[in-house]
1. By average Cβ neighbour count within 10 Å, what is the ranking of 130-142, 232-244, 35-47 from highest down?
2. Using a cut-off of 18 Å between alpha-carbon atoms, which lysines can reach residue 289, once sequence neighbours fewer than 8 places away in the same chain are excluded?
3. If packing is taken as the average number of other Cβ atoms within 10 Å across a peptide's residues, how do 282-292, 267-277 rank, most packed first?
4. Classify segment 249-298 as rounded, prolate or oblate, taking a ≥ b ≥ c as the square roots of the eigenvalues of its Cα gyration tensor: rounded when a/c is under 1.5, otherwise prolate if a/b is larger than b/c and oblate if not.
5. Explain nothing, just the number: dipole magnitude of segment 278-366 about its Cα centre with +1 on each Lys and Arg Cβ and -1 on each Asp and Glu Cβ, in debye rounded to the nearest 20.
6. Output the relative contact order of segment 239-395, whole-number percent, from Cα pairs under 8 angstrom with separation of 6+ residues.
Amino acid sequence: MAGRNRIRSDSVMTSFLRLIHSLAESEQVKSAVQDVLDHIGYPYRGGKTMLDLIRFAIRQAEIGGDPGSASRLDDALGYATGRVLSPDLEDRYQLLDGESSRTLGALELAMSNTHLAISVLFEAFLEEHPEAGVVEAREYFRRLAKASIQVVEDREAGTYRVHRLEVDGQIWLAEALLRRTMYEPLTRPAPSVSELPPGSLAILSRADAESVLAGMQLCLRRRKLAEIRRVVEHPYSSERQIQGALTGAWWLFGGEYVGQSLRRRLTRGLELDIPLLRPDGVLHVVELKRAAVKAIEGHRTSTIPSADVHKGVAQAQNYLKLLDENRDMVLEHGVDTRRATAVLVIGHPDLQTRFSEAQINETLRVYNSHLSRIEVITYKQLLDAAERALDLTAL
């Protein structure tokens, strides 16, 4: 369909449908979503056929009792018809790593160009209306913004139009400015001293430079921890996104480590997520999985680790075996693997609501008691322990 009523089918839609396929709970839904992907292909095809296939997949999800997939497919339908904007979809479902930041950068440049244009328009307005006051100037610029205001109000009233992908950013910017910036202060006051993280004020008040640096490090680590929590607790964060957030934050794993190895590929066929080093140079392998997977499942009258946990542990076992077999080669990099250990970080109680946090922790505790060189923990256990350590540092 040509013009502004074209049904959208692009890389964002393809990435989103692949995500929906991976999260679907039944083969019927997976098959229906795969039919949509097969229709889109490359170069991307859309049209009424794609919409009908998505609607069929929604019905399959509803019949199969999979409300999560039904909701995500409804967003896919909204994106195809222009009801959902691409920046919102990318942010909500963590699609296309890095694309959102590039979109924001492009919008910042667009805003800068807009400010330049406004200054020129304002000078011209004052030359034509030297007697004009604030009210007249405000009304003048509001008339210039009529198109942006109209498209936002139309979308909110449900009388939206289908837009081409290349103007999505502009519509998103109009909504952000009209519904957020216009009703909030343009500048926010700097945080007061009382808003600093607990305990950091006491450290910063000491006179010696070492304490000042410790206080600065504490503030930075708290800020980093908050950012990691945001990524980890997002239900659609991928392993790659979580790994990117945790990279460099080796202090999360405790004080017995002195840093992170600069070399992730220590031997052929093995690239570690996060290789940590103990003071004696011994390696500790960190294997990261998604947070939005189940860590345990029901078994008769009790609970057991999930298949994802067993698979992750087996992967860590293979890593340790490979490191043992290639110890002499790895030792050339200053890393000792003879007593290497590993930790698998997987799941989050807030993203697995069937079982309580206590049930998950207890099941993994029993499971860990039967392991020797590998430990399994959830992301919540990791981040909560790191937060407690920061609280102790601040005392």
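Each value in this text was obtained by applying a stated rule to the coordinates, not by laboratory testing. These figures come from a predicted structure and were not determined experimentally. Cβ: placed from backbone, ideal geometry, glycine included. Neighbour counts: every protein chain shown.
1. Top to bottom by mean Cβ count within 10 Å: 232-244, 35-47, 130-142.
2. Here the lysines satisfying the reach criterion relative to residue 289 are 311, 380.
3. Ranking the peptides 282-292, 267-277 by packing returns 282-292, 267-277.
4. Details: a/c = 2.63, a/b = 1.48, b/c = 1.78.
Here segment 249-298 falls in the oblate category.
5. 300
6. Reported relative contact order: 24 percent.
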